[in-house]
Amino acid sequence: MSTKTLPAKADVGTPFPTRNDIANRTKLISLLNQHLADTFDLMSQTKFAHWNVKGPNFIALHKLFDELAEELEKHIDEIAERATALGGVATGTARQATAMSRVAEFPTNTFKGLDVVAALADRFASLGKTMREAIDEADGLHDRDTADLFTSVSRDLDQLLYFLEAHLQS
C-alpha cells in the first residue's frame, strides 16, 4: 500500500506549488493563518461563554452566544481555505490557534450575564480592529481577494459587536 506524504516543509514558509499567480503568497498565508488563529480562539471563547453564562437572561444570552460562534465558524473555514488556495497550510488546530492567538484570554470567574457580554464585546472589538488592519495589509500585498475576505469578516464582526453592545446600553 503506497501513500503520498506531504513535503517535509509544508508550512507557511514553503507554499505548495500552484498555478495561482499572486506574488507575496508566503506573507499572505502567514497573515491568513494569524487571523485564522485569532478567529478560532474567539470562537472557542464564545462557546465557553455560551456554555457557562449565568443569570436572569441566561437563555437569551446562551442562544446569542451560540449564534455568534456559528458566524465565526463560517469565517474560520473561509480564512483557512484561502490560505490553502494560495498553496499554504492552514494552521488551525486548537493548539496551533492557542499558540498564535493575539485575542486576550477570557477572564476567569466571569459568568454573570452582562459581565460575559462585556468580556466578549471587548474581544470582538479587538478582532475587528486587527481584521481592518489586515484589509490594508492584504491590499498592500496586491491581493484584493484576500482583502475582500477580510472586509467581509470585518463587516460581520462589527454587526456581531453591535448585537453584544446593545445588551450593555441603557
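A short reminder: the numbers here are calculations on the coordinates, not readings from a lab. All of these numbers come straight from a predicted model, not from anything done at the bench. In this analysis, Cβ positions are derived from the backbone assuming ideal geometry, glycine residues included, and neighbour counts consider all displayed protein chains.
Computed values, structure above
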{"read-out": "Formal net charge of residues neighbouring ASN57 (Cβ-Cβ distance under 11 Å; K, R +1; D, E -1)", "value": "+3"}
{"read-out": "Cα centre as origin, Lys/Arg/Asp/Glu Cβ charges: the chain dipole, Debye", "value": "500"}
{"read-out": "The stretch 19-104: relative contact order in percent, alpha carbon pairs under 8 Å with at least 6 residues between", "value": "47"}
{"read-out": "Projected area, mean over directions - the stretch 19-170, Cα convex hull, nm²", "value": "8.6"}
{"read-out": "Tally of Lys pairs whose C-alpha atoms are under 20 Å apart, taken over the stretch 34-166, 8 or more apart or cross-chain", "value": "8"}
{"read-out": "Charge dipole (the chain, unit charges on Cβ, about Cα centre) - positive-most of ALA97, MET43, HIS62", "value": "ALA97"}
{"read-out": "Cβ-based exposure ranking for VAL117, VAL153, in which fewest neighbours within 10 Å come first", "value": "VAL117, VAL153"}
{"read-out": "Peptide ranges 97-106, 140-149, 52-61, 26-35 listed from the most packed, as the mean C-beta count within 10 angstrom indicates", "value": "26-35, 140-149, 97-106, 52-61"}
{"read-out": "Approximate spin-label separation GLN96-ASP115, in nm, with each point projected 7 Å along Cα-to-Cβ", "value": "3.5"}
